[in-house]
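Asks: Below you will find the structure I want to go over with you.
The values are calculated or read from the model by the stated rules, or taken from the named source; none is laboratory data. Predicted model, so just to flag it, every value in this text is computed and none were measured. Every residue, glycine among them, receives a Cβ derived from its backbone with ideal geometry; neighbour counts consider all protein chains shown. For the accessible areas, the whole protein counts, side chains as well, though only heavy atoms, and no ligand, DNA or RNA atoms are used. Shrake-Rupley method; radii C 1.70, N 1.55, O 1.52, S 1.80 Å.
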Amino acid sequence: MDTSEFRKRGKEMVDYVADYMEGIERRQVYPDVEPGYLRPLIPAAAPQEPETFEDIINDVEKIIMPGIASPACTELEMVMMDWLGKMLELPEAFLAGEAGEGGGVIQGSASEATLVALLAARTKVTRWLQAASPELSPAAIMEKLVAYSSDQAHSSVERAGLIGGVKLKTIPSDDKFAMRASALQEALDSDKAAGLIPFFVVATLGTTSCCSFDNLLEIGPICNKENMWLHIDAAYAGSAFICPEFRHLLNGVEFADSFNFNPHKWLLVNFDCSAMWVKNRTELTGAFKLDPLYLKHSHQDSGLITDYRHWQIPLGRRFRSLKMWFVFRMYGVKGLQAYIRKHVQLSHEFEALVRQDPCFEICAEVTLGLVCFRLKGSNKLNEALLERINSAKKIHLVPCHLRDKLVLRFAICSRTVESAHVQHAWKHIKELAAELMRAEKV
């Protein structure tokens, strides 16, 4: 959709809202749809080719409005999460389907998803231990619980441990900045020998610093053997898994209890939209379910509906699945795949430019849309280059530390980015680097 069409559609939406407000007295106060009404009305999977805006808007009136607000909100979210799960080729256990034990929920952020998974895992292990040893108090169990993540995991994982009141230990990553089975097992053996209780592992697919991938095929079986909840955080990289050539990066997801990524990062869905799936929904709802009278409804004990307030921290929620529905239909799966592939191609274009210059080095494998690079030399030199780049305000780079090296990160992330932008950015970086090195020699 270009800016001209965006203006046109925006005005049409204002008219739609105004017409709704003018005619609101002619609409029912309370919907009369039954649980499960929406799923038969739309396809079981996302379209491969783009659809028209007119068709989608017509479906809003025919399919969504009869169930406005909560039934439609919940039912569309269930189906959209199944659509997206199928695009990723997730195992069937993660899909809601007609009567599945798993399913997906839209959280506000990956940070939120990690915390929800940790709290669910904490509740699960506490109840299991108390059932086996009734004399154990929750406090006695809590002080022994240990969670694990790679030393490359996002800071939100550590924050989840803080909020959840459990110890979090970082596992040293290998030379490719990935968590491996041997290092995890060593930590588990040591902690169990000390009387601690390992219960939760976060595996990162596409780390923030350098887009490295923890080894799921190694880590997963260990988590299953040790009865630890395995949560996968693929906040950025997960969008790429809709492309067959990148789906292997998700191999091992079958060992996980929960999986999360952010369509609002790289799948053209506006913030906030963080997709989270679980294999066993009762393990999630069991940690958060409360039913005061003012939140009770007629179908809640029938087993026919999904009540998302039991899947998350807040009670209230927005109609976030509606924007997924629009994006998936406006682009089609093929359009979304083309979008991802273009960004990856542009990142490799930038990587090739860096490799051609003997003054620079690539610092981590370029897999998706992130290139980690630096001037050959000291951290101080690279700090000075970063300062010049960001002070010029033509492009913006965010750094990271990989071991003892300060590294610059070039991320392809704009919907409108083209090769010309990449070429311009590299020319700008080279010019500033040349100025810096001349100044250093003076």
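Asks: Carbon and sulfur together cover what percent of the accessible area of the range 386-442 at a 1.4 Å probe radius? Spell out each step's value before the answer.
Replies: Values: 1930 of 3600 Å².
The nonpolar share, carbon plus sulfur, comes to 54 percent.
Asks: Based on alpha-carbon atoms only, what is the radius of gyration of the chain relative to the globular estimate 2.2 N^0.38 Å?
Replies: Values: Rg = 24.2 Å, N = 442, 2.2 N^0.38 = 22.3 Å.
It is 1.09.
Asks: Now a separate question. Kirkwood hydrodynamic radius (Cα pairs, Å) of the range 199-268? Don't jump to the answer; show the numbers that get you there.
Replies: Numbers: mean 1/r = 0.0821 Å⁻¹.
Hydrodynamic radius (Kirkwood, Cα only) of the range 199-268 equals 12.2 Å.
Asks: A further question on this structure: When every alpha-carbon pair in the range 17-80 is counted, what percent end up more than 14 Å apart?
Replies: Numbers: 1266 of 2016 pairs.
Roughly 63 percent, once rounded to a whole number.
Asks: Listed highest first by mean packing, meaning other Cβ atoms within 10 Å per residue, what order do 14-25, 408-419 come in?
Replies: Values: 14-25: 9.8, 408-419: 14.8.
Listed from highest to lowest mean packing, they are 408-419, 14-25.
Asks: Give me a comma-separated list of calculated 3J(HN,Hα) values for the range 58-66, in order, Karplus coefficients 6.51, -1.76, 1.60 applied at θ = phi - 60°, integers in Hz, x for any Gly or Pro.
Replies: Karplus values, whole Hz, x for Gly and Pro: 4, 5, 4, 6, 7, 10, 7, 4, x.
Asks: Let me ask something additional. Putting +1 on Lys and Arg Cβ atoms and -1 on Asp and Glu Cβ atoms, find which of P71, I57, A44 reaches farthest to the positive end of the dipole of the range 1-136.
Replies: So the residue furthest toward the plus end is P71.
Asks: Given a 10 angstrom Cα cut-off, can you work out which residue in N58, N270, N382 is the most mobile in a GNM of the chain?
Replies: N58
Asks: Sticking with this structure for a sec: Leaving out ligands, DNA and RNA, what percent of the accessible area of the range 170-230 is carbon and sulfur, probe 1.4 Å?
Replies: Details: 1200 of 2330 Å².
Carbon and sulfur together cover 51 percent of it.
Asks: Taking the range 168-219, how much of its Cα-Cα pair set, in percent, is spaced more than 12 angstrom apart?
Replies: On the way: 858 of 1326 pairs.
Summing the P(r) tail past 12 Å for the range 168-219 gives 65 percent.
Asks: Alpha carbon centre of the range 27-54 versus the range 57-81: separation in Å?
Replies: Using only Cα atoms to place each centre, the spacing works out to 5 Å.
Asks: Counting only Cα, what are the radius of gyration and maximum Cα-Cα distance Dmax of the range 44-188, in Å?
Replies: 20.7, 63
Asks: Right, another one. Hey, in the GNM for the chain with a 10 angstrom Cα cutoff, which one of R122, R355, R27 fluctuates hardest?
Replies: R27
Asks: Using a Gaussian network model of the chain with C-alpha springs under 10 Å, which one of Q152, Q337, Q107 is most mobile by mean-square fluctuation?
Replies: Q337
Asks: Quick check: Cα centre of the range 210-267 to Cα centre of the range 154-204, how many Å?
Replies: Using only Cα atoms, the two centres lie 16 Å from each other.
Asks: For the range 359-420, what is the accessible area per residue in Å² when the probe is 1.4 Å?
Replies: Numbers: 3100 Å² over 62 residues.
With all protein chains present, the range 359-420 gives 50 Å² per residue.
Asks: Right, another one. Kindly state, to the nearest 0.05, the FRET efficiency for H348 paired with R318, given R0 = 56 Å and r defined as their beta-carbon distance. Intermediate results must be reported in sequence, preceding the final value.
Replies: Working: r = 37 Å, r/R0 = 0.65.
My answer for the efficiency is 0.95.
Asks: Compute from the Cα atoms of the range 117-214 the Rg and the Dmax, the latter being the longest Cα-Cα distance, and quote both in angstrom.
Replies: Looking at the range 117-214, its Cα Rg and Dmax stand at 14.2, 46 Å.
Asks: Can you list, bin by bin at 10 Å, the percent of alpha carbon pairs in the range 372-442, starting at 0?
Replies: The calculated distribution, bin by bin, is 18, 52, 25, 4, 0.
Asks: What spacing in nm lies between the two simple spin-label points modelled at A434 and R127, each 7 Å away from Cα in the Cβ direction?
Replies: 6.6
Asks: Would you mind getting me the FRET efficiency between K11 and A194? Use the beta-carbon distance for r and R0 = 51 Å, nearest 0.05. Present the calculation step by step, with values, prior to reporting the outcome.
Replies: Numbers: r = 65 Å, r/R0 = 1.28.
The computed FRET efficiency comes out at 0.20.
Asks: Run the Debye formula on the Cα coordinates of the range 157-273, all scatterers equal and no solvent, and tell me log10 I(q)/I(0) at q = 0.09, 0.11, 0.23 1/Å.
Replies: One equal scatterer on each Cα of the range 157-273 leads to -0.25, -0.38, -1.44.
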